[in-house]
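See below for the structure under consideration.
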Amino acid sequence: MFGYIICNKKGLSQEELDRYQKVYCGLCKTLGERYGQMERMSLTYDMTFVILFLSSLYEPPEKEESFRCAVHPTRKKIAVENKFTEYAADMTVLMTYYKCLDDWEDERNHLKYRYAKILEDSFQKTVQQYPRQSRIVASSIKELAAIEKSHNSIPDDAVNCSGKMLSELFVYEEDFWSNSLRSFGYTVM
């Protein structure tokens, strides 16, 4: 569902790898600034990919900043941020909240339940700011739960539901690219 994308670092040039790392650091930094240090634990490659993709398409202004990272304090890091970094941080909180609740339902994982409770205020802010994405994710999560409980479902049902849900995350706002972004997000994620 979420958190399964990994970066194929062997397939990237050094320049591409540097760019990827800067965007990844930017997302981590933004999560900490917007939501707090606990929310940084939600960091995934999925949303880094979304930032890279949307940034390539729209080419928004970016800022690059050198900073000290609490997780890697021995040397300075460089973060690249733009409007899609904030969007990806918000979507990270949205998806992590639901993933934690799903882990609670499936496995009775108490740590995930507690983490969902920690994320609750941040989650509510995201729901208010992004009603379209929040509505699609919520309905898709319910549909996925029904598919998981059904004895008649086929694996493609869950894949298609997840694809529909995640494809919405590629659409920052409704514009010329929206339908293409949905199609791309559906097949990639």
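For the stretch 52-138, divide the Cα radius of gyration by the Kirkwood radius and give the resulting Rg/Rh value with two decimals.
Numbers: Rg = 16.0 Å, Rh = 15.0 Å.
Using only Cα positions, Rg/Rh for the stretch 52-138 is 1.07.
Rounded to the nearest 10 degrees, the angle from helix 110-129 to the longest Cα principal axis of the chain is 80 degrees.
Taking only DSSP H segments of four or more residues, each worth -39500 (n - 2.57), what value at 222 nm results for the chain once the sum is divided by all its residues, to the nearest 500 deg cm²/dmol?
After summing the helix terms and dividing by the residues of the chain, the value is -22500 deg cm²/dmol.
Note on residue 75 and residue 111: with the Förster distance fixed at 35 Å, the Cβ-Cβ geometry gives a FRET efficiency of about 0.70. Straight-line reach from residue 164: taking Cα to Cα under 13 Å and skipping same-chain neighbours fewer than 8 places apart, the aspartates and glutamates in range are 143, 156. Of all aspartates and glutamates in the structure, the ones whose alpha carbon falls short of 19 Å from that of residue 125, not counting any fewer than 8 places away in one chain, are 33, 39, 86, 90, 168, 173.
Cα extents for the chain along the principal axes, largest to smallest and rounded to whole angstrom: 51, 39, 35.
The rule of thumb for compact globular proteins, 2.2 N^0.38 Å, goes into the C-alpha radius of gyration of the stretch 51-93 1.32 times.
Charges were assigned to the Cβ only: +1 to each Lys and Arg, -1 to each Asp and Glu. The resulting dipole of the chain about its Cα centre is roughly 620 debye. Each peptide in 96-106, 74-84 receives the mean, over its residues, of other Cβ atoms within 10 Å, and ordering these scores from highest gives 96-106, 74-84. In straight-distance terms, cross-link reach from residue 29 covers every one of the lysines whose alpha-carbon lies under 16 Å from its own, apart from those fewer than eight places away in the same chain; here that gives 63, 76, 77, 83.
Readers should treat all values here as calculations from the given coordinates under stated rules, not as data from a laboratory. In this text the structure is predicted, and so the values were computed from the model without any measurement. Here the Cβ is made from the backbone with ideal geometry for all residues, glycine too, and neighbour counts use every protein chain on show.
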